[in-house]
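Following: one structure in structure tokens, then a few remarks.
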Amino acid sequence: LVVSTVSPAPNRFVLDKMLAVAEHKGIEPMLAVTKSDLRRDPELLADYRKAGYRCLELSSATGEGVAELREQLTGGRLVVFCGNTGAGKSSLLNALEPGLSLATGEVSEKLGRGRHTTRHVELFRLPNGALVADTPGFSSFDTEEIELRRPEELQYTFREFAPYLEQCRFTGCSHVKEKGCAVLAAVKAGEIAPSRHASYVRLYQQAKEVPEWERK
């Protein structure tokens, strides 16, 4: 998941929703945090590393982190680059393999988001044998994943909740505002990032609004 520190600024809710879908699908996600030459975001890196995700700090302009990312893209693995428009997916691929010469675009100062340069999914083979798919960017992310529409299933798509799920005082705890909730206690203790829990609550509330017949 490619996310930039600036231009455009990271949208944590969109990122958390993408991570939830990846968890449901059994896809192992990794965060590529780009544009470190323009701005660093140690809090974002710390929050997602604490949640249990691999995170790399990168700059396509200076080459920072590119060699480390290349080591992660081992032969025989299919890797998909996805993220907001303007986050630097194509630039990152160019840094990994300059011979690709993919088109890149500037971020609109007026809109605060990138202009689409990748308009279809394209598959590339890197010299080390890895297959990498470059995907069109987006400014929002919606999903019809049924597990994200069932409130009781959402807790399993936030991997850092797992150690606390059996410790809540009451069975069927929603981990939103209940007394004796071990997840809420972990948030208060700094063991779970508040922004991650806020994304969970937002997804939970959205799922609660889905009619029961539609969930089935």
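The values are calculated or read from the model by the stated rules, or taken from the named source; none is laboratory data. Here the structure is a predicted model, which is why all the values come from computation and not from measurement. Here the Cβ is made from the backbone with ideal geometry for all residues, glycine too, and neighbour counts use every protein chain on show. The accessibility values were calculated without ligands, DNA or RNA, using every heavy atom of the protein model including side chains. Shrake-Rupley method; radii C 1.70, N 1.55, O 1.52, S 1.80 Å.
Among what's in the stretch 181-208 and is under 15 Å from E152 (Cβ atoms) and open to solvent by 80 Å² or more (accessible area, probe 1.4 Å), pick the residue that is farthest from the chain's Cα centre (by Cα). Step through it out loud before you land on a result.
Quick first cut of the stretch 181-208, residues under 15 Å from E152 (Cβ atoms) only: 181, 183, 200-201, 203-208.
Now restrict to residues that are open to solvent by 80 Å² or more (accessible area, probe 1.4 Å): 205, 208.
Details: Q205: 20, K208: 23 Å.
Here the residue is K208.
Among (1) modelled with pLDDT under 95; (2) surrounded by 12 or more Cβ atoms within 10 Å (Cβ to Cβ), there is one condition E214 misses while meeting the rest; what is its number?
Checking E214 against (1) modelled with pLDDT under 95; (2) surrounded by 12 or more Cβ atoms within 10 Å (Cβ to Cβ), the one that fails is (2).
Could you please find all residues in the stretch 19-41 being open to solvent by 20 Å² or more (accessible area, probe 1.4 Å) and under 9 Å from the mean Cα position of the chain (by Cα)?
Scanning the stretch 19-41 gives a single hit, M30.
Does at least one position in the stretch 70-82 carry a residue that is within 20 Å of A130 (Cβ to Cβ), free of Cβ contacts under 8 Å to residues at least 60 places away in the same chain, open to solvent by less than 30 Å² (accessible area, probe 1.4 Å) and of a type in the set (A, V, I, L, M)?
Looking for residues that are within 20 Å of A130 (Cβ to Cβ), free of Cβ contacts under 8 Å to residues at least 60 places away in the same chain, open to solvent by less than 30 Å² (accessible area, probe 1.4 Å) and of a type in the set (A, V, I, L, M), one finds at least one in the stretch 70-82, hence yes.
May I ask you to verify whether R115 is open to solvent by 40 Å² or more (accessible area, probe 1.4 Å), at pLDDT 95 or above and not hydroxyl-bearing (S, T, Y)?
When the stated conditions are applied, R115 does not pass them.
So in the stretch 42-73, with the set limited to residues that are outside any helix (DSSP H, G or I) and either of a type in the set (K, R) or under 15 Å from the mean Cα position of the chain (by Cα) (or both), which one is farthest from F161 (Cα to Cα)?
Filtering first and then ranking leaves E57.
Please work out which residue is nearest to R49 (Cα to Cα), limiting yourself to the stretch 148-176 and to residues that are polar (S, T, N, Q) and open to solvent by 70 Å² or more (accessible area, probe 1.4 Å).
Looking at residues that are polar (S, T, N, Q) and open to solvent by 70 Å² or more (accessible area, probe 1.4 Å), I get Q167.
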